[in-house]
Amino acid sequence: MGRDLPRRAVVRRWHGEFRWWLSDPLLKPGQRFAAAIIVAAGPWLVSVFALAIISVTMTPAMGLAAVEDFRLTVVYAFCIAPLATGPIGAIAARRVVVEVQAGNHARVPELFIAAGACSALVAQIIAVLACLLLGVRPIGVATGLVSLTAAAALLWTSFAILSAVSAYGFLIAALTGGMVFSVLCTLVAASITPTTEMLIWCFIAGVLFCVTLCLRHVQLHFPSRYDAFLPTAHGLLADLRDNAVLCAGVLFAICGVWIDKWTFWFGPHSVRSEAGLLHYSLYDSVMFLAHLSVIPSYAALLVFHHGDLVAATERFKAALAARATHGVIRARIDDLERTVWSGMFTIAFVQGAITAGLILMAPLMARFLDFSFNQFLMLRIALIGVCLHGVMFLCCAMLLVANRARHFMLIQAGFLVLNLAMSLLFYAFVGISAYAFFISSLLGALAAFYCAYRAIHDYDYLTLLGENDSLYTQ
C-alpha cells in the first residue's frame, strides 16, 4: 500500500500538468473545434480508421470476401442506428439540458439508460427487418448485424447525452479507447481462427466498451438511485409524442442523405456480397468521400451555436425579461440577425473554399484511390452537392433555433422526396450520377435559406406568438 502512494502522486502530478497544458488559451479554440468534429461525425471517423486497420491486417488471412462482409455489416449498422437514435437522441438531449438547468441531476443517468434502451430496441427491429428483406444467409452474420446495430444505437445515444452535458473531452477519449479496444480484440482473434462473425463481435466489444465508459462517466457526475426510472422513461416517451414533428424532421433528414445510396443498392446493377448485403461501391465510395468534406462546417456550426449564437439569443431573452420597449427588443433582433448571418456566411465561405480546394485536388485523389474516369467526374459534382447540402443544414439549424419545427420537417421531407425522385430519374436515363444529389441540395438550400431568413427576422414574433408552445398546449 505504501508503494502505491508515490505512484499515485506521480500520476496526479502528470495529470495536473496535462490539464494545465490543455488549459493554454492558444489551445482552447483547437480543443473546442476538435471536440465539435468528434460530436459531429466521431463514430464514423474513428470507425473508418478502425475498419481500415482491421481490413489491412485481416485481408491476407481471411480473403477479400470475408472482410467485405464485415465492412458492409459495419456500414449497415451505422446506417440503421441513426434512424432510431436521431429522433430519440435529439429529444433525450433536450430533456437532459432542461433537467440539468432545473437542478434535477439524478434524472440524467435515468434518461441515458431510457433513451439507450429505446434506441437499441427500435434499431434492432429495423435491423431484423433489413436482414429478412435482404435475405442475409449466415445466421452468425445476421445476428452480428442486429447486435452491432443495437451497440451503434447505444453509441449514438452516448454522444447525444454527453454532448448535452458538454463532456466533450471525455467523449473523445472514450471513443478512441473503444476503437483501440476493437482493433486489439481483432488482432487477438487473428491469432486463433478469424471469421467474419468473430470480427463483428470484436467490433461490438469496442463499441460497448466506449458506451460503458460514457455511462460510468455520467453515473459518477450525476448520481442516481434510479428510483424514478419508470416515470423518467414515461416522460421521455411523452416528449417523443409531443415532439413528433421534430422527430419526423430528424428522421427525414437522415433518410434524405441515404436515399440516393439506397436507390443504387436496390437497383439492377447493385452488387450482393456473400452474406447477402447489397452495395454499389462505385457510387458509395465517391459519396462517402464527398460527405467527409463537410464535417468542418458541422463542427464550426456547433462551436458557433454554443458561442456567439447563444450569447445573442440570451441578450434578446434578457431584454424580454426586463420588459424592454419594442425599440430595444428590435435592436436585439437586429443584433441577432447580424450575429447569425455573419457566422453563417463565415462557415459557408470556409466550406466553399474547402470544396474548391478539393475539386482542384480531385485528379490527385482519384489517382490515389484508383477511381475510374466516371468516378472522377462524379466526385467533383458530389463535392459541390455536399457543400450545398451543408448550407441547407446550416439554414435548417437556424429554423430549429427559431423553433420552426414544422418548416424544418417540411424542408427535410421535400429534400427526401426530391432526392429519391431525381435519383430514380437519373438512374433510369443517365446511369450512375451525383447530379440527383446536387440538384436536390441546390433546391433544398434555396428553400432553407429563405425560411431561415424569415424566421430570424421575425424571431420576436415567433418567440412570443407564432412558435410559443405554451399558447397552444393545455
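The values are calculated or read from the model by the stated rules, or taken from the named source; none is laboratory data. Just so it is clear, the model here is predicted, and its values are computed rather than measured. Note that each Cβ is placed from the backbone with ideal geometry, even for glycine, and that neighbours are counted across all protein chains shown. Side chains included, ligands, DNA and RNA excluded: accessible areas come from the protein's heavy atoms. Shrake-Rupley method; radii C 1.70, N 1.55, O 1.52, S 1.80 Å.
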**Prompt:** So is Leu383 assigned to a helix (DSSP H, G or I) and in contact with a helix residue (DSSP H, G or I) (Cβ under 8 Å, 6 or more places away or on another chain) or not?
**Reply:** yes
**Message:** Give me the residue from region 181-204 that is in a helix (DSSP H, G or I) and under 10 Å from Thr57 (Cβ atoms) and, out of that set, farthest from the chain's Cα centre (by Cα).
**Reply:** Ala190
**Fill in**
Of the candidates Leu208, Leu215, Leu236, the one satisfying the condition of being open to solvent by less than 30 Å² (accessible area, probe 1.4 Å), under 21 Å from Val108 (Cβ atoms) and either among the charged types (D, E, K, R) or under 23 Å from the mean Cα position of the chain (by Cα) (or both) is Leu236
**Asked** Considering only helices (runs of 4 or more DSSP H) fully contained in region 252-323, which possess at least 1 residues that are under 18 Å from Tyr76 (Cβ atoms)?
**Response** 281-292
**Fill in**
Considering residues that are at pLDDT below 85, crowded, with 16+ Cβ neighbours inside 10 Å and in a helix (DSSP H, G or I), the number found within region 436-474 is 4
**Message:** Between Leu171, Leu162, Leu184, which is at pLDDT below 80 and under 30 Å from Phe112 (Cβ atoms)?
**Reply:** Leu171
**Asked** On the given criteria, is Ala421 in a helix (DSSP H, G or I), surrounded by fewer than 18 Cβ atoms within 10 Å (Cβ to Cβ) and out of contact with any strand residue (DSSP E or B) (no Cβ under 6 Å at 6 or more places or on another chain)?
**Response** yes
**Asked** Does region 306-326 hold any residues that are open to solvent by 50 Å² or more (accessible area, probe 1.4 Å) and among the small types (Gly, Ala, Ser), and which are they?
**Response** Ala318, Ala321, Ala322
**Request:** For region 259-277, name all the residues that are surrounded by fewer than 19 Cβ atoms within 10 Å (Cβ to Cβ), farther than 14 Å from Ser423 by Cα and touching a strand residue (DSSP E or B) at 6+ places or on another chain (Cβ under 8 Å).
**Result:** Ser270, Val271, Arg272
**Message:** Residue pairs, Cβ under 8 Å, 6 or more apart or interchain, first in region 285-301 and modelled with pLDDT of 85 or more, second outside any helix (DSSP H, G or I). List them.
**Reply:** Ser285/Leu369; Ser285/Phe371; Val286/Phe371; Val286/Ala434; Met287/Ala434; Leu289/Leu369; Ala290/Ala434
**Prompt:** Are there any pairs, at least 6 apart or on different chains, whose C-beta atoms fall under 9 Å, with the first in region 180-195 and free of Cβ contacts under 8 Å to residues at least 60 places away in the same chain and closer than 20 Å to Ala275 by Cβ and the second part of a helix (DSSP H, G or I) and open to solvent by 50 Å² or more (accessible area, probe 1.4 Å), and if so, which?
**Reply:** Ala189/Met198; Ala189/Trp201
**Residues within region 153-179 that are of a type in the set (Val, Ile, Thr) and either outside any helix (DSSP H, G or I) or open to solvent by less than 10 Å² (accessible area, probe 1.4 Å) (or both), tallied** = 3
**Fill in**
Within region 354-368, restricting to residues that are in a helix (DSSP H, G or I) and open to solvent by 60 Å² or more (accessible area, probe 1.4 Å), the one that is farthest from Val286 (Cα to Cα) is Leu360
**Asked** Out of all the residues in region 330-345, is one or more under 21 Å from His291 (Cβ atoms) and at pLDDT 90 or above?
**Response** yes
**Among residues of region 222-233, those that are assigned to a helix (DSSP H, G or I) and surrounded by 14 or more Cβ atoms within 10 Å (Cβ to Cβ), counted** = 3
**Complete:** When region 148-175 is checked residue by residue, the ones that are among the hydroxyl-bearing types (Ser, Thr, Tyr) and within 23 Å of Leu301 (Cβ to Cβ) are Thr157, Ser158, Ser163, Ser166, Tyr168
**Prompt:** Hey, any hits in region 290-297 for a residue that's within 30 Å of Pro138 (Cβ to Cβ), of a type outside the set (A, V, I, L, M, F, W, C) and either more than 18 Å from the chain's Cα centre (by Cα) or open to solvent by less than 20 Å² (accessible area, probe 1.4 Å) (or both)?
**Reply:** no
**Prompt:** In region 50-76, which residue that is in contact (Cβ under 8 Å) with a residue 24 or more places away in the chain and over 14 Å from Glu197 (Cα atoms) is surrounded by the fewest Cβ atoms within 10 Å (Cβ to Cβ)?
**Reply:** Ala61
